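Below: one structure, written as structure tokens.
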Amino acid sequence: MTFDIAVIGAGIVGAACAESFSSEGLQVVIIDAAPAVATGTTAAGMGHIVVMDDSDAQFALTEYSRRLWNELAPELPGSGEYEFCGTIWVAADDEEMAEVHRKQAFYEKRGVRCEILDEKSLREAEPNLREGLAGGLLVNNDSVVYQPCATKFLIDKAVSNGAKLRLGKKVKIVSDDGVNLEDGEIIAAKKIINAAGIGSSLLDGGLNVVKRKGHLVITDRYPCFVSHQLVELGYLKSAHGSHEDSVAFNVQPRITGQILLGSSRQFGVDDSRIDHRILGRMIKRAFEYMPGLRELSAVRSWTGFRPATPDNLPYIGLCPNFENVYLAAGHEGLGITTSLGTAQILTDLILGRPPKIDCGPFSPFRIKSKPTAGS
Ligand SMILES: Cc1cc2nc3c(=O)[nH]c(=O)nc-3n(C[C@H](O)[C@H](O)[C@H](O)COP(=O)(O)OP(=O)(O)OC[C@H]3O[C@@H](n4cnc5c(N)ncnc54)[C@H](O)[C@@H]3O)c2cc1C
């Protein structure tokens, strides 16, 4: 048979696409090389659903996606661990406090609820932060999700809508007529969505999606030690720098009482093993902000590779040089957040409806029109 849509990748982005297309009554097949869903970068992420303001385009996509997550939240099973904990962007000094005011004005102007915390109210909100921090910005409606279960939920929903799930099937070639699998099978489809994460470039030589390694640590259960997702304001410097290894204070409370501790960023590293030098730097940074973390036990640490693009925006839309192949790739450190918006944009584009946000900045055609890093 010829499917309406073949989705390559059963991570959070492919799962969201499969759910969205199948809800429209389209015949969907989801193909993944791994033997289970959500085994790639999705399994390694933090699950912070966050509105970002580093560019107007990123703001539009993250805000739109957060709204879609908040609408989906009541449907998610308990295992999805969806929680409206909010984000506090922590300011260490007066200079960062000025950034808090800028950020607050940006959000307020665009209807995102947030409040400025001074030193005292920051300490009241998070007593385990060290004394002497200048304050912060609380963004109320940000949330956290346990993304492997959310991915499974979306895939199950797609399957119950009639989608076919083909696991353990590696795609070798993508064409305008469908995909060729490594085992020789050909799957015919009218439209193909490349949601292969860090594998997306291998399916299109013109793509510049590269790996950006990250480390995370999870602690044992310490209920109420942290109540909000806490991120240092310097985080954006870390997220945007493209040459040096970087770390930033970023902690997340889980419903289980565990604390997830991040984050690091490294380019040009293929080795997935723990890098104790960078892990040490990351943990030291966390101790500087929350000295009490020193007393807690960590139970596991791991790494993952963010799928990064040269301009920090994902590729969402028709793929250059193809008529029927679309990209949903390169979501870097925001793919859990932006998965639902990505899926909705592609569904609207393919069904000939105007997307709800301007998707021009995400067009894969910018690959051809802008010089890319390294080229
Ligand atoms: C340390 C860390 C922390 C993060 N924290 C957050 C966070 O707090 N919030 C947030 O929004 N995002 C976060 N992210 C980013 C987020 O995890 C990713 O952007 C997102 O998971 C990417 O999803 P994906 O579906 O594109 O890729 P993946 O999850 O990697 O899925 C791609 C799938 O494609 C399959 N595939 C690849 N090639 C082929 C092929 N040739 N044939 C068949 N199948 C193929 C793979 O097996 C894989 O299952 C974090 C990432 C890391 C590493």
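At full extension, ALA188 and ASN321 could sit 46.0 nm farther apart than now, given 0.36 nm per residue minus the alpha carbon distance.
Compactness of the stretch 265-315, taken as the C-alpha radius of gyration over 2.2 N^0.38 Å, stands at 1.45.
Modelled label positions at LEU351 and GLU244, each set 7 Å beyond Cα in the direction of Cβ, lie 4.8 nm from each other. Between the listed residues GLY132, ALA329, VAL28, the Cα displaced farthest toward the positive end of the dipole of the chain, a dipole computed from Cβ unit charges relative to the Cα centre, is found at VAL28. Using the alpha-carbon positions of the stretch 106-180, Rg (one decimal) and Dmax (whole number) come out as 22.6, 61 Å. Diagonalising the gyration tensor over the Cα atoms of the stretch 37-98 and scaling each eigenvalue by 5 before taking the square root yields semi-axes of 26, 15, 14 Å, largest first. Each Lys and Arg Cβ is given +1 and each Asp and Glu Cβ -1; about its Cα centre, the stretch 228-361 then shows a dipole of about 480 debye.
Rg then Dmax, both in Å and based on the Cα atoms of the stretch 1-80: 14.5, 44. Computed from phi, the 3J(HN,Hα) profile of the stretch 168-182 under the Karplus parametrisation 6.51, -1.76, 1.60 (θ = phi - 60°) reads x, 10, 8, 7, 9, 9, 10, 9, 5, 9, x, 10, 9, 8, 4 Hz, with x in place of Gly and Pro. Summing Cβ point charges (Lys, Arg +1; Asp, Glu -1) relative to the Cα centre of the stretch 171-239 gives a dipole of roughly 380 debye.
Computed from the C-beta positions of ARG110 and ASP311 and an R0 of 22 Å, the FRET efficiency is 0.55 to the nearest 0.05. Extension gain for the segment ILE218 to LEU296, taken as residue separation times 0.36 nm less the Cα-Cα distance, is 27.1 nm to one decimal.
For the stretch 143-249, the C-alpha radius of gyration sits at 1.50 times the compact-globule guess of 2.2 N^0.38 Å, with N the residue count. Residue by residue, the stretch 251-264 carries 3J(HN,Hα) couplings of 10, 10, x, 9, 4, 5, x, 6, 10, 9, 10, x, 9, 10 Hz when phi is fed to the Karplus relation 6.51 cos²θ - 1.76 cosθ + 1.60 (θ = phi - 60°); x denotes Gly or Pro. Accessible surface computed residue by residue for the chain, with neighbouring protein chains in place and a 1.4 Å probe, gives 41 Å² per residue.
Cross-link reach is defined here as a Cα-Cα straight distance under 13 Å, omitting same-chain residues fewer than 8 places apart; for LYS356 the aspartates and glutamates meeting it are GLU63, ASP348. Compared with the dominant Cα axis of the chain, that is its longest principal axis, helix 56-72 is turned about 80°.
In the chain, Cα pairs under 8 Å separated by at least six residues give a relative contact order of 23 percent. Geometric descriptor of the chain, per residue, is 132 Å³ (volume of the convex hull of the Cα atoms). Using C-alpha pairs below 8 Å separated by at least 6 residues, the relative contact order for the stretch 62-166 is 37 percent. Summarising the amide proton neighbourhood of LYS172: residues at separation of 5 or more, or on other chains, whose placed amide H is nearer than 5 Å comprise ASN180, LEU181, GLU182. Take every Cα pair under 8 Å whose residues are at least 6 apart in sequence, average their separation, divide by the length of the stretch 171-287, and the relative contact order is 22 percent. Shown for the chain: the carbon plus sulfur share of the solvent-accessible area, taken with all protein chains present and a 1.4 angstrom probe, equals 51%.
The values are calculated or read from the model by the stated rules, or taken from the named source; none is laboratory data. Quick caveat, the model's predicted, so the values are computed rather than measured. Virtual Cβ from ideal backbone geometry, glycine too; neighbours counted across all protein chains shown. In case anyone asks, the SASA skips ligands and DNA or RNA and just uses the protein heavy atoms, side chains included. Shrake-Rupley method; radii C 1.70, N 1.55, O 1.52, S 1.80 Å.
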